[in-house]
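First comes the structure, then the notes that go with it.
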């Protein structure tokens with residue numbers, strides 16, 4: 001088993017441990033939140049008040065939203081929506097430049113910090129019991145921090161699982177090949193010139209021995225002469241990602257894509273020139289022991 005695959009397994013197990021810890025933390029905070037809510041309801045029984053969904057009304061609007069980027073989930077506060085009258089007042093306030101700078105500073109110092117009117121804790125009056133505030137704190141922590149982290153961890157586990165499965169299925173691969181339509185310099189430099197396709201896609205297109213014929217027939221069938229770079233898989237494995245292109249809604253064959261800045265003499269074991277025979281490239285390459 002390759003060192004890279006071993007590292008993937010270690011990363012996966014570490015991520016599973018993180019997932020389990022987050023699940024346990026989420027359960028703890030949810031439990032504490034519901035216990036505090038039950039305590040608040042129990043203490044207010046004499047007053048006839050119950051803290052729950054019965055108090056929800058049209059004031060309920062989202063305070064936080066989830067932003068997703070690159071498999072990372074992040075909870076961010078949302079700006080309150082302003083009504084038309086409030087927007088007009090804000091516009092008048094912005095255009096009113098009267099008053100000295102000193103008056104402005106004094107007013108800002110006297111002005112008390114405004115509370116978010118969307119905060120549901122305010123729906124239950126001014127004197128909110130500590131137990132209810134504790135319940136809100138527990139649920140807010142869960143929704144704002146733990147759940148986004150848990151979603152990010154689940155996404156990472158899915159990615160790692162797919163990568164591990166891909167590497168396991170290609171664990172027997174010994175060599176990869178880069179097909180060139182132009183003869184590379186001899187001796188081979190540390191960085192071979194990349195094709196426009198490699199540059200535009202952001203990775204180097206490679207193939208296995210069994211894929212070479214299909215790639216040539218599909219991409220460069222009319223070429224009379226090609227050059228194949230033979231690359232030991234264990235030298236480039238860390239930079240390889242096996243990816244497939246969906247064909248007619250189905251998962252296609254996986255091809256090795258090399259995510260490194262350069263490919264050259266440090267990675268290539270041998271270069272071979274291949275000439276197209278009269279019957280085509282399949283006749284030229286099939287049975288070629290050099291391809292393995």
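May I ask you to compute the full-extension gain from residue 234 to residue 4, defined as 0.36 nm times their residue separation minus their alpha-carbon distance, rounded to one decimal in nm?
81.9 nm
Per residue, how big is the convex hull of the stretch 198-248 when only Cα atoms are used? Give it in Å³. Could you put the intermediate results ahead of the total?
Details: hull volume 6.4 nm³, N = 51.
Dividing the Cα hull volume of the stretch 198-248 by its residue count gives 126 Å³.
Where Rh denotes the Kirkwood radius from the mean inverse Cα pair distance, what is Rg over Rh for the stretch 173-285? Intermediate results must be reported in sequence, preceding the final value.
Details: Rg = 14.0 Å, Rh = 14.7 Å.
Here the Rg-to-Rh quotient is 0.95.
With label points built 7 Å along Cα→Cβ from the Cα atoms of residue 127 and residue 200, find their separation and express it in nm.
Output for this residue pair reads 7.3 nm.
No value in this document is a laboratory result; all are computed from the given coordinates. Keep in mind that this is a model prediction, so the values were computed, not measured. FYI the Cβ positions are ideal-geometry reconstructions off the backbone, even for glycines, and counts take in every protein chain you see.
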